[in-house]
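Colleague: Can you keep this structure in mind? I'll have questions shortly.
The values are calculated or read from the model by the stated rules, or taken from the named source; none is laboratory data. Just so we're clear, the structure is a prediction, and the values are computed from it rather than from any experiment. As a convention, Cβ positions derive from the backbone with ideal geometry for all residues, glycine included, and neighbour counts pool all protein chains shown. Just the protein is used for accessible areas: all its heavy atoms, side chains included, with ligands, DNA and RNA removed. Shrake-Rupley method; radii C 1.70, N 1.55, O 1.52, S 1.80 Å.
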Amino acid sequence: MSARTPRTPDSGSRSPSPEGAAPEGAASTAQPPIDEPRAAWAVGTVMVVTPCSARDARRVLGAAAKTAGITSAEMAAAMAAHARGVAMPAHVERALHRAVAAARTVSARAACVGLRPSRARTAEVLAEFRGCQSRLTAAPSDMRARQALDDAAYTLCVLLGRTGVHDAVLAAEQHLASQP
């Protein structure tokens, strides 16, 4: 039983859908539920590859699906099939690559001016982020690994004063590579 679909207390059947909801079985453009195994795996994979937060990974999947003309659930299914060796349709793969590339793009507004964190703290947080990224790479559908990466990404963004995870990682690497 899904936690999102309540049952009526007397009959045990699912409660009716709210007004305006798509009929059961109809295609929906809404994001897939995060607890669906393929969707969770796809979100985790995008989080690792981009890198980004879970929220941004769902946005990347949604943008790629919209560009490809399919639902987010179909995008997740195509990614899962591709991981098992089934060829992904070219237009779907192209849409996914473009969405990931767009998520990696650093905006001009992202630059931070102000105090810089210590090198030691930056190295510590970046190492924690990389460790979480490795754990999520090994198990993309693991909710705890995804939450740990989300938390580490947030810490890295706050520490470096950046709004995007990819930008924060680049800034941390640049800060560690620069001369003291």
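Colleague: Could you please find all residues in the range 135-149 being surrounded by fewer than 16 Cβ atoms within 10 Å (Cβ to Cβ) and hydroxyl-bearing (Ser, Thr, Tyr)?
Modeller: The one that is surrounded by fewer than 16 Cβ atoms within 10 Å (Cβ to Cβ) and hydroxyl-bearing (Ser, Thr, Tyr): Thr137.
Colleague: With surrounded by 15 or more Cβ atoms within 10 Å (Cβ to Cβ) and aliphatic (A, V, I, L, M) as the only criterion, which of Ala81, Ala76, Ala87, Ala102 stands out?
Modeller: Ala76
Colleague: Still on this model: If you scan the range 161-177, which residues turn out to be free of Cβ contacts under 8 Å to residues at least 60 places away in the same chain and open to solvent by 20 Å² or more (accessible area, probe 1.4 Å)?
Modeller: Residues satisfying the conditions are Gly161, Arg162, Thr163, Glu173, Gln174, Leu176, Ala177.
Colleague: Considering Ala57, Ala81, Ala65, which residue is in a helix (DSSP H, G or I), without any contact (Cβ under 8 Å) to a residue 40 or more places away in the chain and closer than 16 Å to Val165 by Cβ?
Modeller: Details: Ala81 fails: closer than 16 Å to Val165 by Cβ; Ala65 fails: closer than 16 Å to Val165 by Cβ.
Selected residue: Ala57, the only one of Ala57, Ala81, Ala65 that is in a helix (DSSP H, G or I), without any contact (Cβ under 8 Å) to a residue 40 or more places away in the chain and closer than 16 Å to Val165 by Cβ.
Colleague: Now for a separate question. Of (1) surrounded by fewer than 13 Cβ atoms within 10 Å (Cβ to Cβ); (2) at pLDDT 95 or above, Ala152 satisfies all except one. Which?
Modeller: (1)
Colleague: So which residues in the range 120-134 are open to solvent by less than 70 Å² (accessible area, probe 1.4 Å) and over 18 Å from Gly44 (Cα atoms)?
Modeller: Applying the first criterion (open to solvent by less than 70 Å² (accessible area, probe 1.4 Å)) to the range 120-134 yields 122-123, 125-127, 129, 131-133.
Those that are open to solvent by less than 70 Å² (accessible area, probe 1.4 Å) and over 18 Å from Gly44 (Cα atoms): Thr122, Ala123, Val125, Leu126, Ala127.
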